[in-house]
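The values are calculated or read from the model by the stated rules, or taken from the named source; none is laboratory data. Being a predicted model, the structure only gives us computed values, none of them experimental. Because the Cβ atoms are built from the backbone with ideal geometry, glycine has one as well, and the counts that use them run over all protein chains shown. All accessible areas refer to the heavy atoms of the entire protein, side chains included, with ligands and DNA or RNA removed. Shrake-Rupley method; radii C 1.70, N 1.55, O 1.52, S 1.80 Å.
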Amino acid sequence: MTLVAFALSGLLALAPDAPRGQPLSGKLLDQRTDEVGALLRCPVCQGLSIADSPATMARNMKAEVREKLAAGYDQEQILADFERSYGEFVRLQPPVRGVNWLVWFGPAAMLLAGGAVVAWALRRSQRPRGEEVALQRHSDLPSRDTLPADPRLAAAVRRVRMLAYGWPDGISPKERA
Amino acid sequence: MVPTLGRTLILLALLAASAGSIVGFATGARPSAAGWKWARRLAYAFAAFMALANVTMEYALLRHDFSVSYVAHVGSRSVPTWVSIVSLWSSLEGSILFWGLVMGVYVSVATWRKAGDHPEYMPYAVGVWLACGAFFSFLLAGPAQPFATIPNPALDGPGPNPLLQNHYLMVIHPPFLYSGYVGMTIPFGLACAALLVGRLGNDFIRPLRNFLLVSWIFLTCAIVLGGWWAYEVLGWGGYWAWDPVENASFLPWLTATAALHSAMLVERKGVLKGWTVILVLATYLLTILGTFMTRSGVFNSVHSFTQSAIGPTILVFLAAALLFSLVLLALRVDSLGSEGRLETGPSRDVMFLVQNLLFVLFTFTVLLGTVFPLVVEALRGAQMSVGRPYFDKLSVPIGVALLFVMGVGPALPWGRATKQQLRAALLPPLLGACVLAAVGFALGVRNLWTILALLFGGVTAQVTLSEMFLPVRQRMRARRGPRRSIPAGAEPRTPPFRRVHRARRGRRGHRGDRGVEHDGKLEGGPAEPRRDDDPRPVPADVRRCRAGIGAAPSVGARASGRQQERPQPRHAAAAHEPVREPARAHRLAGGAHGPDRGPVPVDPQLRRTQCRPAGPDQPDGLLDLDRHRHHGVGRARGPGAVPARLNGGGSRDRHRGRRPGRVFLMATALTSASAPRVNRRVLVAGLAIALPLVAVLVANLGRDPHSVRSPLIGRPAPPFRLVPVGGGAPVALESLHGKPVVINFWATWCVPCFQEHAALVEAARSLPAVQFLGIVYEDDEAQTGEFLRQRGTAYASLMDKDGKTAIAYGVFGVPETFFIDPEGRIVEKHVGPLDRGAILSLVARARGGGR
């Protein structure tokens, strides 16, 4: 008799949907039910998990999760079970497979890219900028030791240079020397 | 009468906005006083028409005028008055009308406040604002018309959504949300104006930042109120469930916060101008994306509206706005230029950059998670969810990192910090925080992220509190004794991180032009330009002043009436020296070297100190003559001062001689700034983000988020063993092997189930070779029995008491019918009520084995 029971249990263990984890009970069971429930979407609600939803369907699903956890099924088995009935839609956390890699590792890639950009910006600001930068911006403007022919315009240009650069004609004494 | 009036007002608003936008852009391209005046008038007209349209709608709501389509939609005689008033923003078209009102208010206030300032920027800004206003007026005139006439008005209406009727938060949350959301249009217009003009002056960053700040405050309050409402009313058990529409309101908040900080760097150092503009543009584009997400009906959300023509229209506007922003950025972002230098090494600058990075990362993560289900559906055709667990997992690390930055950032100086400064600044808060974390650990906290949050939060709290009470300590110290006298030739010694002794605005109004106390002697004011090899150390006041880029002219100088027209070359020199000599620049910019050879940090509150100059503090590029002119007429910006208007007053007389030159030179600057060099990096990066986004949204336009395809089709039907209604032997699915089976999930509380019951019974009678079965879903046995007795039935109905069979079959609701072939495989799942024709065709398919 024990031999038959042993053989039967062995067969059961080989069955495809045998529980893979340890049976749970008590406070740990409650906690795990909440955790697994938080990963399942309530099909009749808008975006709620079955752990949060008061709908009857959600409560039934939560009871089923609890039963399965007590029987020893692990989280992935339970989630796969519901996925078989409802489709990927019911999993609130996208499983890491296929194109879902993008949503899990996209942010990390963005962090690296952003860090590289910040580092580049800091390095660029460290380089002695020099006159070239100022010249780059105003490369299409006449250089500061020239003046337009029209005298009124020349006077205006000189005033502007004084205001903008702070030195007469916009040329500092150091440059003149 | 009322519908016609409403429609007319909206058309007038559309006309005013379109005309005003054209006039605004034209005036920006060719400045003229008349053009600016008309642009302003049209802006006010747009605001007035929108306000009147809203008043008309409120009148119709309060009068229960059901000939207006929107009132017929949400009005009701049986709701309290406040609900009638609040129904204005409770539903689709009304909320767009409310959007128009808020936009009108913002545009008119912004135009009025800036009527006399920044004449080269403002017409462009008004043009952009009114273009956005024109779009929303167009929405109201066309796809989302709230004032359509109902020919035979009913006597009563359904009232707004019951969820929105039972809480006072419905009164405050939407106005705050719209004030925040719509308010982002104003900084967008200002930023576009800066790009169109080709530069971002240091006096222009201030209004940009102020308007952004106002909208940001409203949006923050709105998000908090929304979370509170979700907690109380929707029973989410939490404040935030990462619902797509919630994320829609969150995304612009994230970029706006980053933009506010970046704008601080622009004000302080003149760097990151292009980046700030990019963030401001992104904020507005995210608000448009957010409104698309809310109103298009393609996202699974509690707040979703049904599909309508609004979705595609908003998408077109989003694409147009994206294109406009990208082109403008690619062409003009380089011409904004940069005047200062970011500090590398441990300093507040670096912390600001890290903060920006984290906020942009957060934005990207939330956007990716929200849009990803649409991406997968476009690529694979499968529906999947990205829900709360994903967002929580990713946002906690980012949030903890932000806590870190929030704590360390304010503790660091603007210049490069030495080790001693770092130690003095960070060690005490860190010790306190370690104590806090240890206490948490002792109390049983074991989660790593919680411990880190306690640690960083402790540092942040201590640093923030000490910052808050710093002015108090400063004042107490000031009252305690006179300042130390400083030996000649040495830099005044300031302790690390203790702020340089500030002069408070208004109290010591005349320090600016009297000079600073130095060596116990009064130093004279600026008499001549400072020479390069001047051995005297830069006076503390001037040093502080130079660091505060864009600081407002001193009240004292204006009050004393001096220094009206004299140019201040020294300060202008200071602005340009940094370009060439970094060390000297650092010193001139106020980062003096302390006795220990490290740079002394500059008072971060510098903006509020008085600055002595009347003059072009920080000329941006060539020309800020307007600012110079403003000083010339004693244009005050301090509190209590009356703003002098640019167009009127004495300025015209005094500067008449200069004006033609000014316009000519301005034109030179404009044309030189508009050299068509395309910034390829910005263009490519922008397109890389924008094109996939728009493509995904377009591909999903017809999507119905509520129809989920069953994965069971083609698979063996899940087995069950259920007892019929009223008792009896249990029926198992295996026993029905060999003939086609039709399983109908139904309930007595389901109205379409009544409708299909007769058809199903008749079909069951006429098709004896097919086994029909009913499974009762979430219902009471006695009630079901009674229903069947009254209606009669031709097949057994089974009770699914614990709902397991419904779950196994992936039932979303009732009625749902499954057609199973003789081998036990599900051939088809039909959602909704069936009629005779559908039953026959689907049974034929089941008979044929799924072909």
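For the stretch B:118-236, the equivalent ellipsoid built from the Cα gyration tensor has semi-axes of 36, 23, 8 Å, listed from largest to smallest. Here the stretch B:295-420 exposes an accessible surface that is 72 percent carbon and sulfur, computed with a 1.4 Å probe and the other protein chains kept in place. Residue by residue along A:106-116, Cβ atoms of other protein chains within 10 Å of the local Cβ number 5 on average.
Residue by residue along B:808-815, Cβ atoms of other protein chains within 10 Å of the local Cβ number 4 on average.
Here the extension length gained between B:R473 and B:A729 equals 83.6 nm, from 0.36 nm per residue of separation less the Cα-Cα distance.
What's the local net charge at B:L130, with K and R +1, D and E -1, over the other residues with C-beta under 13 Å away? Please report the intermediate quantities before stating the final value.
Working: positive: B:R40, B:R41; negative: none.
So the surrounding residues net to +2.
Computed on the Cα trace of the stretch B:188-340, the radius of gyration divided by the Kirkwood hydrodynamic radius gives Rg/Rh = 1.04. Were the residues from B:D780 through B:I172 laid out at 0.36 nm apart, the gain over their Cα-Cα distance would be 214.7 nm. Hull volume per residue, based on the alpha-carbon atoms of the stretch B:38-196 and their convex hull, is 107 Å³.
Note on B:L840 and A:A63: the model spin-label points, each 7 Å out from Cα along the C-beta direction, lie 4.1 nm apart.
Model label sites at B:K419 and A:A116, defined 7 Å from Cα along the beta-carbon direction, differ in position by 3.4 nm. Other residues within the sphere of radius under 10 Å centred on the Cβ of B:P146, judged by their own Cβ, net out at 0 (K and R +1, D and E -1). Between A:W101 and B:R113, the C-beta separation translates, for a Förster distance of 30 Å, into a calculated FRET efficiency of about 0.05. Counting, for every residue in B:11-17, the Cβ atoms of other protein chains within 10 Å of its Cβ and taking the mean gives 0. Per-residue 3J(HN,Hα) values for the stretch B:707-713, derived from phi via the Karplus relation 6.51 cos²θ - 1.76 cosθ + 1.60 with θ = phi - 60°, read 9, 10, 6, 7, x, 8, 5 Hz in sequence order (x marks Gly and Pro). Summarising the label geometry, the points placed 7 Å from Cα in the beta-carbon direction at B:A33 and B:T793 lie 8.7 nm from one another. Cβ-Cβ distance of B:L155 and B:L323, R₀ of 56 Å, FRET efficiency by 1/(1 + (r/R0)^6): the value works out to about 0.70. Summing +1 for each Lys or Arg and -1 for each Asp or Glu among the other residues whose beta-carbon sits under 15 angstrom from that of B:T287 gives 0.
Solvent-accessible surface of the stretch B:188-274, averaged per residue with a 1.4 angstrom probe and all protein chains in place: 25 square angstrom. Kindly list the residues of the stretch B:801-841 that lie in the label zone of A:R84, defined by a backbone N under 14 Å from the point 7 Å along the Cα-to-C-beta vector. It comes to B:805, B:807-810, B:826, nothing else.
At the nearest 100 Å², what buried accessible area, both sides summed, do you get for A and B when the probe is 1.4 Å?
The buried area between A and B, both sides summed, comes to about 6500 Å².
When B:I826, B:I85 are compared by accessible surface with a 1.4 Å probe, the order from highest to lowest is B:I85, B:I826.
Computed from the C-beta positions of B:D802 and A:D34, the FRET efficiency with R₀ = 25 Å rounds to 0.80.
Gain on full extension, evaluated as 0.36 nm per residue between B:D392 and B:A26 minus their Cα-Cα distance, stands at 126.9 nm.
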